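Only one structure is covered here, and it is reproduced in the block below.
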Amino acid sequence: QKKKLLEELGNNRLPYVTPADADFYQLWKTKYSKLIFRKSDTVPEELHQMVREGFLTLQKHDCFFQDLVRIKGKDFVTPVSRILIGNPGCTYKYLNTRLFTVPWPTKGYDIKYCSPQIRDACKALTRLNDYLHIEAVKALQGQNLFETKEIKDTTVIDREQNFATSLTEKGSVSKDQSSCCVPEDDYISLKNRTSYNLTLLNYMDPLQMLYLKQEPYFGMGNMAVSWHHDENLVERSTVAVYSYSCEGSAVAESNEQKLKGRDPAVWHVGLKVAWDIETPGLAIPLHQGDFYLMLDDLNMTHQHCVLAGFSPRFSSTHRVADCSRGTLEYIIGQCELALQNLQTDSDSMALSLKSLETAVVKQVEEIHNEVEFEWLRQFWFQGKRYLKFTDWWLKPMAKLEEFWRKMEIMTSLVLSEVRKEEQIKEQRNETISCFLLVLTERQRLRKEWTAR
């Protein structure tokens with residue numbers, strides 16, 4: 001799709017607008033209304049301070065890491081350094097790389113941190129997470145009210161209206177006012193779509209980067225993160241992004257210049273309608289402490305990118321990750337399911353399989369692959385990074401390795417059984433056919449991971 005779009009454009013560039021343009025607010029309202037933006041002065045100063053100290057603590061302890069990701073069979077190192085913080089046992093997968101949460105302080109969990117400062121940094125991010133959850137619920141409720149009002153009143157938002165509070169005023173929807181308009185089922189849905197279970201933290205200093213990609217469609221300049229949809233999320237869930245750029249004199253000087261298009265010294269978020277060359281894009285400046293919300297299906301219908309400024313920048317991107325197959329609880333359950341097919345003789349202590357049914361063998365071997373390639377190799381591939389924070393993941397990984405060893409024995413037992421001559425030929429062939437597919441995939445993935 002990207003290639004086709006670029007061919008269609010040729011040497012031309014698509015138009016985009018910034019808040020300095022006359023038609024900015026009208027375009028935002030009609031094509032990007034599910035993007036909500038808040039300026040830093042709407043956030044409590046105490047929270048800014050806690051989060052800023054948390055970011056700087058993590059940076060001081062060298063807790064941000066570039067990821068090795070895989071795109072179309074090739075490995076790339078991300079220009080942005082990241083760390084994942086969130087609910088204990090949760091993971092987040094993007095571009096074929098699974099990240100494991102550094103657990104934030106959670107009731108009922110005994111989490112030992114490497115230092116009190118790292119614990120405080122994780123605690124600050126839970127405070128930010130709680131705040132952004134409340135703001136997202138209010139914004140979604142506000143949009144429901146806004147859309148109802150729209151039917152009666154189609155007045156164009158005055159473009160002079162304050163950029164930070166266009167679309168939904170902070171606090172404009174009181175609890176009493178909103179709850180009477182939102183049925184209970186909808187309220188549960190709102191809560192589920194805004195209950196962030198993790199945050200992916202990002203850090204980048206653009207001046208330390210030898211090369212940054214140029215934005216290809218609009219000519220918006222240097223990109224820190226290319227155009228994308230966020231992946232591995234609960235459907236129609238909100239994404240909240242808190243931005244903290246370490247602004248200095250370069251930004252102040254640049255702000256005095258009258259530039260056409262976006263100011264290259266200032267970080268921006270870029271938005272566009274996915275694979276559309278009719279609708280102009282948006283480039284919205286991000287100053288220290290601003291945050292924005294991508295509501296409902298915006299992440300599916302639109303793409304976004306991050307445009308680099310001159311100063312270093314942190315961001316905390318809060319997500320409702322789809323953890324149906326991505327929690328420690330899930331994979332332990334899968335392993336226990338697989339091991340139900342292994343039995344030990346009470347006298348000889350010899351191990352054997354309870355069933356050689358094709359479906360059972362296939363299920364066990366697929367779980368074997370899942371625990372090896374989605375968990376153990378993904379963790380140890382870049383897992384030592386987590387020891388800078390806590391040893392929380394070491395015991396679960398040791399447990400998963402023990403399960404894996406037993407599954408290796410189960411694979412050997414299947415091979416022993418199918419070699420026996422008394423096996424019925426048809427059943428034997430059926431078992432071998434399905435078994436061989438999973439083993440071939442295992443061999444291929446082992447080679448790929450060795451190379452990585």
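Summary of values
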quantity: Accessible surface of the stretch 94-142, 1.4 Å probe, proportion on carbon and sulfur as whole %; calculated: 52
quantity: Vicinal HN-Hα couplings computed from phi for the stretch 28-38 (Karplus, 6.51 cos²θ - 1.76 cosθ + 1.60; Hz; Gly/Pro x); calculated: 4, 5, 8, 10, 9, 5, 8, 9, 10, 10, 10
quantity: Note, ³J(HN,Hα) from phi for the stretch 59-72, Karplus 6.51, -1.76, 1.60, rounded to Hz, x at Gly and Pro; calculated: 5, 4, 8, 6, 9, 9, 10, 6, 9, 9, 10, 10, 10, 6
quantity: Rg followed by Dmax, in Å, when the chain is reduced to its Cα trace; calculated: 25.6, 86
quantity: Virtual spin-label span in nm between Gln1 and Phe76, 7 Å along Cα→Cβ; calculated: 1.6
quantity: Size of electric dipole in the stretch 328-451: Cβ of Lys, Arg +1 and of Asp, Glu -1, about Cα centre, debye, nearest 20; calculated: 620
quantity: Average accessible surface area per residue within the stretch 36-83, 1.4 Å rolling probe, Å²; calculated: 52
quantity: Rounded to 5, percent antiparallel among DSSP beta bridges of the chain; calculated: 95
quantity: Förster radius 51 Å - calculated FRET efficiency between Glu8 and Ala359, Cβ distance, rounded to 0.05; calculated: 0.60
quantity: Proximal aspartates and glutamates to Lys425, defined as alpha-carbon separation beneath 20 angstrom and excluding residues fewer than eight positions away on the same chain; calculated: Glu357, Glu417
quantity: Carbon + sulfur, % of accessible area of the stretch 328-451 - ligands and nucleic acids excluded, 1.4 Å; calculated: 53
quantity: Amide H within-cut-off set for Gln66, under 5 Å, with H built and near neighbours excluded; calculated: Arg82
quantity: Reachable lysines, given that their alpha-carbon falls under 25 Å from the alpha-carbon of Lys420 and they are not under 8 places away in the same chain; calculated: Lys354, Lys362, Lys406
quantity: Counted charge near Asn96, where neighbours are those whose Cβ lies closer than 13 Å (Asp, Glu -1; Lys, Arg +1); calculated: +2
quantity: Average accessible surface area per residue within the stretch 328-451, 1.4 Å rolling probe, Å²; calculated: 57
quantity: Derived scalar couplings ³J(HN,Hα) [the stretch 288-296; Karplus, 6.51 cos²θ - 1.76 cosθ + 1.60; whole Hz; x for Gly, Pro]; calculated: 4, x, 6, 9, 9, 10, 9, 8, 6
quantity: Amide H contacts of Ala224 (H built 1.01 Å from N, under 5 Å, at least 5 apart or other chain); calculated: Val306, Leu307, Ala308
quantity: Spacing of the two label points (7 Å from each Cα toward its C-beta) at Ala20 and Lys406, in nm; calculated: 6.5
quantity: Under the Debye formula (equal points on every Cα, no solvent term), log10 I(q)/I(0) of the stretch 328-451 at q = 0.09, 0.16 Å⁻¹; calculated: -0.30, -0.83
quantity: Point-to-point label distance, His228-Lys384, nm (Cα→Cβ direction, 7 Å offset); calculated: 2.5
quantity: Stokes-Einstein translational diffusion, the stretch 1-65 - Kirkwood Rh over all Cα pairs, 1.002 mPa s, 20 °C, in µm²/s; calculated: 131
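The values are calculated or read from the model by the stated rules, or taken from the named source; none is laboratory data. Quantities reported herein were computed from a predicted structural model and do not represent experimental measurements. Because the Cβ atoms are built from the backbone with ideal geometry, glycine has one as well, and the counts that use them run over all protein chains shown. SASA here: full protein model, heavy atoms, side chains in, ligands and nucleic acids out. Shrake-Rupley method; radii C 1.70, N 1.55, O 1.52, S 1.80 Å.
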